[in-house]
Amino acid sequence: MDTRVFLSECKEYQPEQVNIAVKRIFDEFGGAGSILGDGKKVLVKPNVLMPKKPEDAATTHPLVVESVCREFINAGADVTIIDSTGGPHTKFVLRLLYGKTGIKKAAKNVGAKASFDTSSRTVEYPEGQIIKKFDVLSPVLDADLVISLAKAKTHGFMKMTGCVKNLFGCIPGLGKPLLHGKYPKHEDFAAMLVDVCGYIKPGFSILDAVYGMEGAGPTAGNPKYVGAVLGGFSPFAVDLAQSYLMGMRADSIYTICNAAMRGLAPDTPESLIWLGDDPEKLRTSFKPARTNKANIVPKIMENCTGCGDCVRICPGKCMKIQKRKAIVDAKGCIRCYCCHEFCAEQAIEID
């Protein structure tokens, strides 16, 4: 169990500051070349779950993506970037996603490749606690090294999303709502996420916490300043450090509890080996997502356009469009809040 986490202060999204912060992290662990080893193909997996602007703080900032890619390219690697939304995983969607979030420009600036390979393959994972067979994006499976490059955010269903939850994006498109439907309980869904992370085995994990998101995360909350970038070999350790910086109790985060139960990480931030800058100086308090009660049903607001995205991704198939507005069947709702997470109009509230 590697419990080292390097905390690098980064006051703003300025190229020089971000490059220094990221380089400090890699240098502490022997450099990108040492992490890469004999491999050549690196897959960088940022959190770009929706076509949001970087300043919305819903996605990994492109400057952090660019800086991480540069470290591996300078070490001689071929670097590919990919993510998938909770909707159809198509080239059209990826073009929109990469353009809006700044990934396209970041990749071009540094010589990385934004992947439009929409294929996936079914993998078997007998060691899984709860899921033993699932689909994974082909570029992830074809890589020699996977980097989880997450964003610090609250999350309506999991309470917090970081480097472990970020790898759920390796599941292709509409496969995500299917898994929400299959594992509607918080604890089971968290166990599934830890299984997916265990199969993918990211070689290194980095967290963009210069600005995070609080409140109605992971897409409809408000930017929250932290001023840090974190990194380490263990995504579970980085998530534990993240919970501390966000002022959240580690024993309230489902993925952290599951990982600790399996012996994959400590159960308290005090057990981590903190490297770099002082976490006490950067620690803050995030307003939690407002979806902690299991009986809360999504509320459709007046600005709903009736686009139907929520109907298409709803795992419980409990939503429909009526009179150009979405409506929810409370009896069928499994409280996964996928509709809230992926509503581009922010027309669905959990309160």
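The values are calculated or read from the model by the stated rules, or taken from the named source; none is laboratory data. Given the structure is predicted, the values throughout are model-derived calculations rather than measurements. Here Cβ is always computed from backbone atoms with ideal geometry, including for glycine, and neighbour counts include all displayed protein chains. Ligands, DNA and RNA are stripped out before the accessible areas are found, and what is left, the full protein with its side chains, is counted by its heavy atoms. Shrake-Rupley method; radii C 1.70, N 1.55, O 1.52, S 1.80 Å.
Would you point out the residue of region 246-270, among those that are touching a strand residue (DSSP E or B) at 6+ places or on another chain (Cβ under 9 Å) and within 19 Å of Gln129 (Cβ to Cβ), that is surrounded by the fewest Cβ atoms within 10 Å (Cβ to Cβ)?
Tyr254
Among the numbered criteria (1) surrounded by fewer than 21 Cβ atoms within 10 Å (Cβ to Cβ); (2) touching a residue at least 12 places away in the same chain (Cβ under 8 Å); (3) touching a strand residue (DSSP E or B) at 6+ places or on another chain (Cβ under 9 Å); (4) within 18 Å of Leu174 (Cβ to Cβ), which single criterion is violated by Val140?
Among (1) surrounded by fewer than 21 Cβ atoms within 10 Å (Cβ to Cβ); (2) touching a residue at least 12 places away in the same chain (Cβ under 8 Å); (3) touching a strand residue (DSSP E or B) at 6+ places or on another chain (Cβ under 9 Å); (4) within 18 Å of Leu174 (Cβ to Cβ), the lone unmet condition for Val140 is (1).
Conditions: (1) open to solvent by less than 50 Å² (accessible area, probe 1.4 Å); (2) among the charged types (D, E, K, R); (3) not in a helix (DSSP H, G or I). Asp239 meets all but one. Number of the miss?
Condition (3) is where Asp239 drops out.
Is one or more of the residues making up region 118-131 basic (Lys, Arg) and within 18 Å of the chain's Cα centre (by Cα)? Lay out the reasoning, then the answer.
To start, the set of residues in region 118-131 that are basic (Lys, Arg) comprises 121.
Next cut, within 18 Å of the chain's Cα centre (by Cα) only: none.
For region 118-131, residues basic (Lys, Arg) and within 18 Å of the chain's Cα centre (by Cα): absent.
What are the residues in region 76-121 that are of a type in the set (Phe, Trp, Tyr) and without any contact (Cβ under 8 Å) to a residue 40 or more places away in the chain, if any? Explain how you work it out, then say what you get.
Our first condition is that a residue be of a type in the set (Phe, Trp, Tyr); within region 76-121, this holds for 92, 98, 116.
Matches in region 76-121: Phe92, Phe116.
Can you name the residue in region 180-201 that is among the hydrophobic types (A, V, I, L, M, F, W, C) and in contact (Cβ under 8 Å) with a residue 60 or more places away in the chain and, of all such residues, is surrounded by the most Cβ atoms within 10 Å (Cβ to Cβ)?
Keep residues of region 180-201 that are among the hydrophobic types (A, V, I, L, M, F, W, C), which gives 189-194, 196-197, 200.
Adding the requirement that they be in contact (Cβ under 8 Å) with a residue 60 or more places away in the chain leaves 189-194, 196, 200.
Details: Phe189: 23, Ala190: 24, Ala191: 23, Met192: 23, Leu193: 26, Val194: 29, Val196: 23, Ile200: 21.
Selected residue: Val194.
Take the conditions surrounded by fewer than 19 Cβ atoms within 10 Å (Cβ to Cβ), among the basic types (Lys, Arg) and modelled with pLDDT of 95 or more and apply them to Lys45. Does it pass?
In short, no.
Return the total of residues in region 318-349 being touching a helix residue (DSSP H, G or I) at 6+ places or on another chain (Cβ under 8 Å), free of Cβ contacts under 8 Å to residues at least 60 places away in the same chain and in a loop (DSSP other than H, G, I, E, B).
Counting residues in region 318-349 that are touching a helix residue (DSSP H, G or I) at 6+ places or on another chain (Cβ under 8 Å), free of Cβ contacts under 8 Å to residues at least 60 places away in the same chain and in a loop (DSSP other than H, G, I, E, B) gives 0.
From the list Lys224, Lys293, which one is open to solvent by 20 Å² or more (accessible area, probe 1.4 Å), charged (D, E, K, R), more than 28 Å from Met1 (Cα to Cα) and modelled with pLDDT of 95 or more?
Working: Lys293 fails: modelled with pLDDT of 95 or more.
The conditions single out Lys224.
Can you name the number of the only condition in (1) surrounded by 14 or more Cβ atoms within 10 Å (Cβ to Cβ); (2) at pLDDT 90 or above; (3) part of a helix (DSSP H, G or I) that Thr284 fails?
Thr284 satisfies every listed condition except (3).
Those residues that are in contact with a helix residue (DSSP H, G or I) (Cβ under 8 Å, 6 or more places away or on another chain) and either free of Cβ contacts under 8 Å to residues at least 60 places away in the same chain or surrounded by 24 or more Cβ atoms within 10 Å (Cβ to Cβ) (or both), I need them from region 48-59; list them, please.
To start, the set of residues in region 48-59 that are in contact with a helix residue (DSSP H, G or I) (Cβ under 8 Å, 6 or more places away or on another chain) comprises 48-54, 59.
Result: Val48, Leu49, Lys53, Pro54, Thr59.
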